[in-house]
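Asker: Once you've had a glance at the structure underneath, I'll fire off some questions.
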Amino acid sequence: MTSIASDARPRLRRDRSGGWIAGVSAGIARRYGIDAALVRLGFVIATAAGGAGIALYLLLWLVVPAGDAPAASRRVPAGARASVEVALGSGLLLLSVLLAFRALGIWFSDALVWPLVLIATGGVLIWRQSTAGAREPAEQPAPKPEPVEAATKTVVAVSRTGVGIALVIAAGIAFLQATGALSAARDVVLAVFAVLVVVCVILAPWIIRLVRSLASERAERIRSQERAEVAAHLHDSVLQTLAMVQRRSSDPREVAALARRQERELRAWLAGRPAPGQAESLGAALEAAAADVEEHHGVPVEVVAVGDVPLDAGAEAVVGAAREAMTNAAKFGAGSTVDVFAEASPERLNVFVRDRGPGFDPAAVPQDRRGVSESIVGRMRRHGGRATISSAPGSGTEVELVLER
Amino acid sequence: MPARRPDLPSLAAGLAVIVIALLMLLDERGSIELSFAVFAPVACAAIGAVLLAAGLSRR
């Protein structure tokens, strides 16, 4: 018979529900089965005997996890918690060095050093918050946060910036107070404040109108860009499929297969999921697009790729534009081979699509034809790149796509 | 049996307690005078070291 022995005693955890401050005494009492009042008395005696009680309590507060630690650790990401601990630890070590210098007499002045420390702390907080967005990895889009998580992030960002600003202001006031310049500064601040209030009252209607106008202009620009993206996507997918359905209407099985494939792609796009079988790098995506065009139009497409990058939003735009250029070359290139040359580096993506067909006059393309204007030129422009189309009747066509990253 | 890795935060906390205890012992024997000006940086350094160790071990 196998028996499993287990320790009936609870593990040492801070008991926040039964504690007065952080639940250290209550946790120790529960762990060893004694009265919490005795533990608290021990801390009080140790504090009165030289202050060790406070230090010991703080240490245990830091080291002993709370009773509901698993739930708490689910709420706070381990990386964020580690960063906070490293920052606090480094700050305290720096503070201990400053205090040690002060105790040894190697010191400038309280009026200078402490405001500088406060300014540095506040500055670090503000700087860290202001650069938080830039540190997010651009290649992998973050999953959409839950509303509660997003609200918590906003509260943390606002409180961090608020604490930083408060620290810097407190440092300034402390410095002015210590140097006896606070009353003079107060007069200046009051005067500036009064002038600002007067100016704001006079200019308020214009400022409000300007802000509203800028906001509505920005919203309109975003709507316009989104509309263009949707139009380009529909042109490249649904319209192309409908055109092929018309051409192959004599073969019901192929038409049904085309419709099924288009339906799957469209459903994935509407749900924000990657399309079935979507490639993960620029080179693979170009190969897939070339195979697709070759299959649908029966024209050979040769792809040569030098270097490769992960398929982020910019690379996806380049693939979309290249695919449209390949489709145009297959449709209007009089059956000539379509050559695709791609050169990818972390700094720059460069793709050429060439055919030896009859060519065309780019200036003569009607404005309502979205293939060139939206799916190639507009798409590249919206993602910060450019598309150059070189063609003339009788000399083939070359489309160059460039995206600086 | 695999070698057990030392827990860095516990190690730092233990060392910090030992240092504080030594300082208190020296104060008791009259070798040093453990005033607030001396104790404050030591307490800050101890707590800072424990936090730093905890943060680094979590990364």
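The values are calculated or read from the model by the stated rules, or taken from the named source; none is laboratory data. The structure presented is a predicted model; accordingly, all values stated were derived computationally and were not measured. Here the Cβ positions follow ideal geometry from the backbone for every residue, glycine too, while neighbour counts run over all protein chains shown. Accessible surface areas use protein heavy atoms only, side chains included; no ligands, DNA or RNA. Shrake-Rupley method; radii C 1.70, N 1.55, O 1.52, S 1.80 Å.
Asker: Suppose we filter region A:342-372 for residues that are buried (at least 17 other Cβ atoms within 10 Å of the Cβ) and within 20 Å of residue A:282 (Cα to Cα); how many remain?
Answerer: Matching residues across region A:342-372 total 8.
Asker: Right, here's the next one. If residue A:317 passes every condition in (1) in contact with a Ser or Thr (Cβ under 8 Å, 6 or more places away or on another chain); (2) at pLDDT 85 or above; (3) of a type in the set (Gly, Ala, Ser) but one, which one does it miss?
Answerer: Going through (1) in contact with a Ser or Thr (Cβ under 8 Å, 6 or more places away or on another chain); (2) at pLDDT 85 or above; (3) of a type in the set (Gly, Ala, Ser) one by one, residue A:317 breaks only (1).
Asker: Separate question: What are the pairs with Cβ atoms under 6 angstrom where one residue, in region A:316-328, is free of Cβ contacts under 8 Å to residues at least 60 places away in the same chain and the other, located anywhere, is outside any helix (DSSP H, G or I) and open to solvent by 10 Å² or more (accessible area, probe 1.4 Å)? Sequence gap at least six, or different chains.
Answerer: As it stands, the answer is A:326/A:301, since those pairs meet every condition given.
Asker: Consider only pairs whose beta carbons are under 6 Å apart and that are at least six residues apart or on different chains; among these, list those whose first residue lies in region A:157-174 and is part of a helix (DSSP H, G or I) and whose second residue is of a type in the set (S, T, N, Q).
Answerer: Every condition considered, the pairs that remain are A:157/A:129; A:160/A:129; A:161/A:129; A:167/A:121.
Asker: Give the residues of region A:232-247 that are over 26 Å from the mean Cα position of the chain (by Cα) and open to solvent by less than 50 Å² (accessible area, probe 1.4 Å), sorted by residue number. Spell out how you get there, then give the answer.
Answerer: Here is the first cut: in region A:232-247, the ones over 26 Å from the mean Cα position of the chain (by Cα) are A:234-247.
Matches in region A:232-247: A:235, A:236, A:237, A:238, A:240, A:241, A:243, A:244, A:245.
Quick grid of which residues meet (1) within 26 Å of residue A:226 (Cα to Cα); (2) without any contact (Cβ under 8 Å) to a residue 24 or more places away in the chain; (3) under 39 Å from the mean Cα position of the chain (by Cα):
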position: A:332; (1), (2), (3): no, no, no
position: A:335; (1), (2), (3): no, no, no
position: A:344; (1), (2), (3): no, no, yes
position: A:349; (1), (2), (3): yes, no, yes
position: A:360; (1), (2), (3): no, no, no
position: A:366; (1), (2), (3): yes, yes, no
position: A:388; (1), (2), (3): yes, yes, yes
position: A:391; (1), (2), (3): no, no, no
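Asker: Quick check, is residue A:400 buried (at least 18 other Cβ atoms within 10 Å of the Cβ) and in contact (Cβ under 8 Å) with a residue 24 or more places away in the chain? Let's see the steps before the verdict.
Answerer: Working: buried (at least 18 other Cβ atoms within 10 Å of the Cβ): no; in contact (Cβ under 8 Å) with a residue 24 or more places away in the chain: yes.
No: the conditions fail for residue A:400.
Asker: Within region B:22-53, take every residue that is small (Gly, Ala, Ser), more than 17 Å from residue A:56 (Cβ to Cβ) and part of a helix (DSSP H, G or I) and give me the one that is farthest from the other protein chains (Cβ to nearest Cβ).
Answerer: B:53
Asker: Please work out if residue A:329 is more than 14 Å from residue A:232 (Cα to Cα), open to solvent by 70 Å² or more (accessible area, probe 1.4 Å), out of contact with any helix residue (DSSP H, G or I) (no Cβ under 7 Å at 6 or more places or on another chain) and assigned to a helix (DSSP H, G or I).
Answerer: Working: more than 14 Å from residue A:232 (Cα to Cα): yes; open to solvent by 70 Å² or more (accessible area, probe 1.4 Å): no; out of contact with any helix residue (DSSP H, G or I) (no Cβ under 7 Å at 6 or more places or on another chain): yes; assigned to a helix (DSSP H, G or I): yes.
No: the conditions fail for residue A:329.
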